[in-house]
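Undergrad: My questions all concern the structure below.
Read-outs: derived from the displayed coordinates by stated rules, not from any lab. Treat the numbers as computed from the prediction; the structure is a model and nothing was measured. A quick note on method: Cβ atoms are made from the backbone with ideal geometry, for glycine too, and the neighbour counts reach across all protein chains shown.
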Amino acid sequence: MSSRTSPISQPITIRRAVARDAKRLTRLVRGSGAYAGKYAAAVAGLLVAHMQSEARAAGLDRVKVVSHLPAQDFYHRVGAVRIGTALANPPAVPWDRPEFEFRVSSE
């Protein structure tokens, strides 16, 4: 974790994201112009490359993703392979979801 002062003199703390940050991070991602238009493919490629690098460093050979229905085309475009369907689990998730897998090469 690191801290510094912003141009408006308020402290800024940078730390690793944790599960409780999910809603705020989702809002940030959905609201960012970097995820749309001409930069979307580059950002997606960087995110997937980073995820695969982290998985490789952790000794994993694959990463499984349970996708939201509207995101399934995204996962397919960035190289994930459809491996099945995660069945609905009401009341938390009332619909079936596609399952994808990213293969992680040993490089």
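Undergrad: For n ≥ 4 DSSP H runs only, could you compute -39500 (n - 2.57) per run for the chain, divide by its residues and tell me the 222 nm figure to the nearest 500? Show your work: numbers first, answer last.
TA: Values: 3 runs with 34 residues, N = 107.
About -9500 deg cm²/dmol.
Undergrad: Would you mind getting me the FRET efficiency between S106 and D73? Use the beta-carbon distance for r and R0 = 25 Å, nearest 0.05. Spell out each step's value before the answer.
TA: Values: r = 28 Å, r/R0 = 1.14.
Approximately 0.30, to the nearest 0.05.
Undergrad: Mind pulling the angle between the C-alpha long axis of helix 22-31 and the longest principal axis of the chain? Nearest 10 degrees, somewhere in 0 to 90.
TA: 90 degrees
Undergrad: Let me ask you something else. Would you mind calculating the gained length between T13 and T26 on full extension (0.36 nm times residue separation, minus the Cα-Cα distance), in nm to one decimal?
TA: Residue separation times 0.36 nm, minus the Cα-Cα distance, leaves 2.8 nm.
Undergrad: How much length would be gained if the chain were fully extended between L60 and I83, taking 0.36 nm per residue of separation minus their Cα-Cα distance, in nm to one decimal?
TA: Between L60 and I83, full extension yields 6.6 nm more.
Undergrad: What order do you get for 23-31, 46-54 when each peptide is scored by the mean count of other beta carbon atoms within 10 Å, highest first?
TA: Details: 23-31: 9.8, 46-54: 13.7.
Listed from highest to lowest mean packing, they are 46-54, 23-31.
Undergrad: Along the charge dipole of the chain, pointing to its positive end and built from +1/-1 on Cβ of Lys, Arg, Asp and Glu, which listed residue (V78, S32, L60) has its Cα farthest out?
TA: S32
Undergrad: What whole number of Å gives the distance from the Cα centroid of segment 59-107 to the Cα centroid of segment 15-48?
TA: Each part reduced to its Cα centre gives a spacing of 18 Å.
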